[in-house]
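The values are calculated or read from the model by the stated rules, or taken from the named source; none is laboratory data. Everything quoted here is computed from the prediction, not taken from an experiment. So basically every Cβ, Gly included, is an ideal-geometry build from the backbone, and we count neighbours across all protein chains shown. Each accessible area value is taken on the protein alone, full model and side chains, heavy atoms only, with ligands, DNA and RNA left out. Shrake-Rupley method; radii C 1.70, N 1.55, O 1.52, S 1.80 Å.
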Amino acid sequence: MPAYESVYGSLMRLGFMASPFLERGGSKLARGLRGRRAATERLVGWAGEGRRPGQGLVWFHAPSVGEGLQARVVLAALAERAAVEGRPLETVFTHFSPSAEALAASMPVDVAAYLPWDVPSAVGPVLDALHPDLVVFTKTEVWPVMSREARRRGIPTALVAATLPEGSSRLRWPTREVLRPSVRRLASVLAIGEEDAARFRRLGAHDERVYVTGDPAIDSAVQRAGQANPDATYLRPFREYGREHGRPTVVAGSTWPADEAVLLPACARVRAFVEDVRLIVAPHEPTGSHVAALERRLALDGWRVGRLGDVEAAGTAEDVDAVVVDRVGVLAHLYTVADVAYVGGGFHGAG
């Protein structure tokens, strides 16, 4: 075993042993740790009860929501091709972040769960029980122990929507040395562009296994926009009183506090010139505290504020200037009522 991968494995085992002390409470960290600990039992249990002998199976993993949407496009295309060829496919989806729980529940797969801890005692039994034909990682997240355990069992691994920015820590020591063996094990690297492909080769991917296939996030966005239901109860108020009746609407999606620190003052200035502008803000994490803080800030700036749930229940947004989205899963559809769209994530440290 490569030295750096061995050190990583030791640190991961320590984290696994210490995790029961951090799993208490309702924090995002605690939820994630509980989910990861329960994942082995859930996936092994499904394999024992639901796995059909002799049927092909592909295991897709994505860290969070954005990567999950990319994985879903590839998963659907693979399943469709398998069906056309007369060999139906079972599919498994795992995720890392608690933010992806709702997405995981809606994935068109046979079973979904958190990713088990990246230690042999957790991931090994899952690989033995599922015995997948392929393990697919998404975007950047290739787990070293899972990769090694899959190789030991003759299970190929692949990376789709492969992305590696020039400034990524994955290209620097020591992360580079930890990941290099896992990247070399990949049977296929499907990069979103030529520059990303070149960087994966630098990281150790075999040249003949690297392909440029484009970004499935584009396919995902097109699909979701096309699936938007104009009669959805949460869209109807904006279609009735929004831009189709001359009221310009700005939809700011997946915002973080660093975005809002720039966006909200800018929109307040816009109101001086466009008095009837409406703002819809969808926080990346619409927790109760974040939604309440946004409401207070917008009210201080002079907006008439309402939550999306309240606007939907009332059936009208006529008396509301700023709407705070208080749930996930509706942002792609809300963009369809926008005259201007703002996509969050550009103003934090890695933006």
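Every helix of 4 or more DSSP H residues in the chain counts as -39500 (n - 2.57), and over all residues that averages to -14000 deg cm²/dmol at 222 nm. Helix 194-203 sits at what angle to the longest principal axis of the chain, using alpha carbons and giving 0 to 90 degrees rounded to 10? Roughly 40 degrees, rounded to the nearest 10.
Close amide H partners of Tyr342, meaning residues 5 or more places away or on another chain with modelled amide H under 5 Å apart, are Val251, Ala252, Gly253. Protein-only accessible surface at a 1.4 angstrom probe places the residues Thr255, Thr287 in the order Thr287, Thr255, largest first. Residue-wise HN-Hα couplings along segment 341-349, as the Karplus relation 6.51 cos²θ - 1.76 cosθ + 1.60 with θ = phi - 60° gives them from phi, are 10, 10, 9, x, x, x, 10, 8, x Hz; Gly and Pro carry x.
Compute the Cα gyration tensor for segment 144-197, then decide on rounded, prolate or oblate, letting a ≥ b ≥ c be the square roots of its eigenvalues: rounded whenever a/c is under 1.5, prolate when a/b is larger than b/c in the other cases, and oblate in all that remain. Verdict is oblate for segment 144-197.
The 1.4 Å probe gives accessible areas that order Ile218, Ile155, largest first, as Ile218, Ile155.
Here the chain is assigned +1 on the Cβ of each Lys and Arg and -1 on the Cβ of each Asp and Glu. Its dipole about the Cα centre then comes out at about 1220 debye.
Taking all protein chains together and rolling a 1.4 Å probe, Asp215 ends up with roughly 50 Å² accessible.
Residues in segment 41-54 carry Karplus couplings, in order, of 5, 5, 6, 5, x, 5, 4, x, 9, x, 5, 8, x, x Hz; the curve used is 6.51 cos²θ - 1.76 cosθ + 1.60 with θ = phi - 60°, and Gly or Pro positions show x.
Of the residues Trp256, Trp173, the one with the largest accessible area comes first in the ranking Trp173, Trp256, computed with a 1.4 Å probe on protein heavy atoms. Scanning residues 5 or more positions from Gly56 or on other chains, those with amide H under 5 Å from its amide H are Glu90, with H placed 1.01 Å from N in the peptide plane.
Here are a few candidate values for Cα extents along the principal axes in Å: (1) 64, 46, 44; (2) 51, 44, 39; (3) 62, 53, 37. Which one was actually calculated from the structure I just gave you? Correct label, based on the coordinates given: (1). Remark: the Cα gyration tensor places segment 36-94 in the oblate category, a/c being 1.5 or greater and a/b not exceeding b/c. Around the amide H of Arg307, modelled in the peptide plane, lie the amide H atoms of Val324, all under 5 Å away and 5 or more residues distant in sequence or on another chain.
Against the chain, whose longest principal axis comes from its Cα atoms, helix 257-271 is set at around 20 degrees. Only the Cβ atoms of Lys and Arg (+1) and of Asp and Glu (-1) were treated as charged; on that basis the dipole of segment 288-351 about its Cα centre amounts to roughly 280 debye. Sequence-ordered 3J(HN,Hα) estimates for segment 164-170 from the Karplus curve with 6.51, -1.76 and 1.60 and θ = phi - 60° stand at 8, x, 4, x, 5, 5, 5 Hz, glycine and proline given as x. Which of Pro265, Leu190, Ala105 sits closest to the plus end of the dipole of the chain, meaning its Cα is farthest towards the positive end, when Lys and Arg get +1 and Asp and Glu get -1 on the C-beta? Checking the options against the dipole of the chain, the answer is Leu190. Rounded to the nearest 10 degrees, what's the angle between the helix 216-226 long axis and the longest principal axis of the chain, both from Cα atoms, 0 to 90? So the helix axis and the longest Cα principal axis differ by about 40 degrees. When only the Cβ of Lys, Arg, Asp and Glu is charged (+1, +1, -1, -1), the dipole of segment 88-164 relative to its Cα centre reaches about 280 debye.
Remark: the Cα gyration tensor places segment 246-351 in the rounded category, a/c being less than 1.5.
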